[in-house]
Amino acid sequence: MSESPMKTRPLKAARLCASVLAAALAACGRAPAPTADADIVFEGGPIYTAADSSPKVEAVAVKGDRILAAGAKAAIDRLVGPHTEVIDLKGAALFPGFTDAHAHLFGVGMRELTLNLEGVGSVDELVDVIAANVHESKPGELIYGRGWIETGWPEGRFPSRDDLDPVSPDNPVVLVRADGHALVANSAAMKAAGVDEETPDPDGGRIEKDARGRPTGMFVDNAMSLLASLQATPSEKQKEEAYRTGAGVYAAHGWTGLHNMSVDPADVSIIDRLAASGDVPIRVYNALDKEGLDWLIENAPHTDSTGRVVTRAMKLYADGALGSRGAALTAPYSDMPDSSGLLLMHHDEAEQMLQRALRAGVQVATHAIGDRANHQMLDWYQEAFKAVPASQRKVAEPRWRIEHAQILLLGDIPRFAELGVIPSMQPSHAISDFFFAPARLGPDRLFGAYAWRSLIDAGSVIPGGSDAPVERGDPRIEFYAAVARKSLDGYSDALWHPEQKVTREEALKMFTLWPAYASFQEKDLGTIEPGKFADFTVFSKDIMTIPEADILKAAPVMTVVGGKIVYRGE
Ligand SMILES: [Zn+2]
């Protein structure tokens, strides 16, 4: 990497002054104190900048969509004019805008708009929810839900078609697991999709079968696509509604932006349009499905008319998920000795795509959970970097990412920083998965699992995300998980490897500066410094100092994007 992303440095005055409004010019370098009036001044609470040069200030002034100045209250008060709105934080804490570095905005919206199975506590309860839905549905109508997770269920097993058939003999039922990497279908759904005992496992997928070879109704990874024909593709209007809803939910959580993963290339224009109309008021950084590669080669980086939506990345999948045993491991699962998971890509096809992307300046972000998938992707990235030297690339420093990077061979940990590959990780996954990860992996592999501390110590930055709708998509949960590495009710043990947690200063960067770096936007976003966009997240409590359990009780008070208040709480 040409510039260490680990530390922020005072921006060089020359570079900054050239790039910002004339009004901000006076705030730069050794120029005289600025005289232009601020549009908004925030004061009256702790203000954390995420900038190493001056991590905490008393007040911040905004002019237009940019930060005019940040510093001592006395200095900022001199920028208050007759038209300045002075916002008293009344003790609430202000941070650079929190950005979710891995989420699915369409899925977040759809979770609100379809049958939401989050929080269902057992197979019995799931069956009751479906029975009630069948009651309200037309004969033969598909019942589609999402968000169940069997972790912690008293039955201790996946649901099956035999659970669902008695309450829904005629309506097809398809229920996607919270991680999006498995689903359970009933017999009516399997029949409608033409799946039976003879159907072979597709490449990269598994149809779960019982001891007698009969499908159980569980479909893992690529096998899920066997049921895809049952679902009508959402109309443009439904898509709009999902994106609008998702963005509203996100702004209300305190997110000023997200990295939007696995986007249908056709959705870029929809998101751009919704940003222009103000329906999507936060920042969106799009990573398209691999079908979008040609579009990206032609257009990336593509910025919409508001400047808030940037599309320049491609998302690939190397393997499945740990919970459904689809994550590709170098040795078999400890609790399923005849399986070591699923690899989803073939080398030659992938390498060709990677090299095309590298030449064209397309950022690649690959889902890799298991140690085998991560090792493979580091090898394949390395092969592409070698085959396409910097002189043949549109962007010399490609900042390619591995999404999740959950289970790593210890020897692979330093390779991320050495190759300049960014591990993009989701703290909430660790505190959800540690209830089953020891069983899946055994004690030895846990040393390289969710290894935030080891990666940071090896020189990596870790943009933090939630993977919503897989997880809740709440910045407080993510921040808490990163610094506490405990379950939401405070549980942890030695197998959770508490030594891998991060400091609060690092956690703050995971959701501010490091996502900015991982999206090539660190000159404009990620810290509170003059000249950057005025993106702020305000919480009712100072999450940098309160006891860790109280972090979850902080309320989002205000979300500010480019100097505009897009959400205001009670
Ligand atoms: Zn995801």
Could you give the size of the charge dipole of the chain about its Cα centre, using +1 on the Cβ of each K and R and -1 on the Cβ of each D and E, expressed in debye and rounded to the nearest 20?
2120
Nearest 5 is fine: what % of DSSP beta bridges in segment 287-525 come out antiparallel, could you say?
25
Sequence neighbours fewer than 8 away in the same chain don't count; with that in mind, list the lysines whose C-alpha is under 30 Å from Lys386.
Lys7, Lys290, Lys315, Lys394, Lys523
Need the full-extension length gain, Asp128 to Thr114, defined as separation in residues times 0.36 nm minus the C-alpha distance. One decimal, nm.
3.4 nm
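Helix-derived [θ] at 222 nm for the chain: sum -39500 (n - 2.57) over DSSP H runs of at least 4, divide by residue count, nearest 500?
Numbers: 19 runs with 168 residues, N = 570.
So the calculated ellipticity at 222 nm is -8500 deg cm²/dmol.
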Debye log10 I(q)/I(0) for the chain, one point scatterer per Cα, at q = 0.07, 0.10 Å⁻¹
-0.41, -0.84
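Count neighbours as other Cβ atoms within 10 Å of each site's Cβ, and list the chymotrypsin sites (Phe, Trp or Tyr not before Pro) in segment 452-523 that are DSSP loop with at most 12 such neighbours.
Tyr491
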Quick one: which residues, 5 or more positions from Ala182 or on another chain, have an amide H under 5 Å from its amide H? H modelled 1.01 Å from N in the peptide plane, none for Pro or chain starts.
Arg177, Asp221
Taking placed amide H atoms and a strict 5 Å upper bound, the residues 5 or more places from Ala449 or on another chain that come that close are Leu408
Return, ordered by residue number, the residues of segment 296-311 whose backbone nitrogen is under 17 Å from a label point located 7 Å along Cα→Cβ of Ala276.
302-311
Using Cα pairs closer than 8 Å and at least 6 residues apart in sequence, work out the relative contact order for segment 418-527, in percent.
31
Can you order the peptides 129-138, 252-261 by their average number of other Cβ atoms within 10 Å per residue, highest first?
252-261, 129-138
Whole-Å distance linking the alpha carbon centroid of segment 149-176 with that of segment 423-481 is 28
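Below 8 Å between Cα atoms, with a sequence gap of 6+, how large is the relative contact order for segment 34-73 in percent?
37
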Go ahead and collect, in residue order, the members of segment 398-418 whose backbone nitrogen is under 13 Å from a label point 7 Å along the Cα-Cβ direction of Ala331.
409-410
Spin-label model distance (nm) - Gln238 vs Leu142, 7 Å beyond Cα toward Cβ:
0.7
For segment 346-352, Karplus couplings with θ = phi - 60° (6.51, -1.76, 1.60), whole Hz, Gly/Pro x
9, 4, 5, 5, 5, 5, 5
Length-normalised contact order of the chain in % [C-alpha pairs under 8 Å, at least 6 apart]:
17
Phi-based couplings in Hz for segment 353-370 (Karplus 6.51, -1.76, 1.60; Gly and Pro marked x):
5, 4, 5, 5, 4, 5, 4, 8, x, 8, 6, 10, 10, 10, 5, 9, 10, x
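Please calculate how many Å² of accessible area the chain carries per residue, with a 1.4 Å probe and no DNA, RNA or ligand atoms counted. Intermediate values should be presented prior to the final figure.
Details: 21930 Å² over 570 residues.
Accessible area per residue, the chain: 38 Å².
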Could you look at segment 287-525 and say what percent of its accessible area is carbon and sulfur, using a 1.4 Å probe and all protein chains?
52
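The values are calculated or read from the model by the stated rules, or taken from the named source; none is laboratory data. Everything numeric here is computed off the predicted structure, so don't read it as measured data. Glycine also receives a Cβ, built like all others from the backbone with ideal geometry; neighbour counts cover every protein chain displayed. Calculation scope for accessible area: heavy atoms of the full protein, side chains included, ligands and nucleic acids excluded. Shrake-Rupley method; radii C 1.70, N 1.55, O 1.52, S 1.80 Å.
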